[in-house]
1. Give region 56-94 a look and list any residue that's of a type outside the set (A, V, I, L, M, F, W, C) and closer than 18 Å to residue 45 by Cα, or say none.
2. Please go through (1) of a type outside the set (Val, Ile, Thr); (2) more than 14 Å from the chain's Cα centre (by Cα); (3) surrounded by 12 or more Cβ atoms within 10 Å (Cβ to Cβ); (4) within 23 Å of residue 2 (Cβ to Cβ) for residue 53 and return the number of the only condition it doesn't satisfy.
3. Name the one entry in 79, 106, 42, 13 that is modelled with pLDDT of 90 or more and surrounded by fewer than 15 Cβ atoms within 10 Å (Cβ to Cβ).
4. Can you pull out the residues in region 22-57 that are of a type in the set (S, T, N, Q) and either under 23 Å from residue 103 (Cβ atoms) or touching a helix residue (DSSP H, G or I) at 6+ places or on another chain (Cβ under 7 Å) (or both)?
5. Is it the case that region 16-29 has a residue that's buried (at least 16 other Cβ atoms within 10 Å of the Cβ) and among the small types (Gly, Ala, Ser)?
6. Is it true that residue 41 is assigned to a helix (DSSP H, G or I) and of a type in the set (S, T, N, Q)?
7. Which of the residues that make up region 36-57 are among the small types (Gly, Ala, Ser) and without any contact (Cβ under 8 Å) to a residue 24 or more places away in the chain?
8. Which residue pairs have Cβ atoms under 9 Å apart, sit 6 or more places apart or on different chains, and have a first residue in region 4-21 that is assigned to a helix (DSSP H, G or I) and a second that is of a type in the set (D, E, K, R)?
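The values are calculated or read from the model by the stated rules, or taken from the named source; none is laboratory data. No experiment lies behind these values; they were computed from the predicted model shown. Backbone-built Cβ (ideal geometry, glycine too); neighbour counts: all protein chains shown.
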Amino acid sequence: MMSYGTGALIAIVASIGVLMVLMGSGILRAEPLSAVGVVLSVFGIYTIVYGVASKEGIYLVLWGGVALALGVGLAASNVLNPVLVAGIVLVFIAGVGAAAALRRRVT
């Protein structure tokens, strides 16, 4: 398995490259906030997948979920209310924290 940092760098660079190709060809409009949201979402998805496959699952899944939620919030800022996205992130953090606490208690 490749290291987390290497895979994260590959995911970020690849997503930036795809966005540049789509924006350069005129398929997507160049909106900086949406582009940052897409890159952050790809990074969050990579972090969640890596966390599920590694021993540090809860920590990486938590931060991957936060990155994914913030990325979706930024990418869809025209449609979603930022307060709604912040609330979803807080509920997600609380849920993962509760799952980690219950897991430690059972083990």
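1. 56, 57, 59, 64, 65, 71, 73
2. Residue 53 satisfies all of (1) of a type outside the set (Val, Ile, Thr); (2) more than 14 Å from the chain's Cα centre (by Cα); (3) surrounded by 12 or more Cβ atoms within 10 Å (Cβ to Cβ); (4) within 23 Å of residue 2 (Cβ to Cβ) except (3).
3. 13
4. 34, 41, 47, 54
5. no
6. Taking the combined requirement at face value, the residue satisfies it.
7. Scanning region 36-57 gives 51, 57.
8. 4/56
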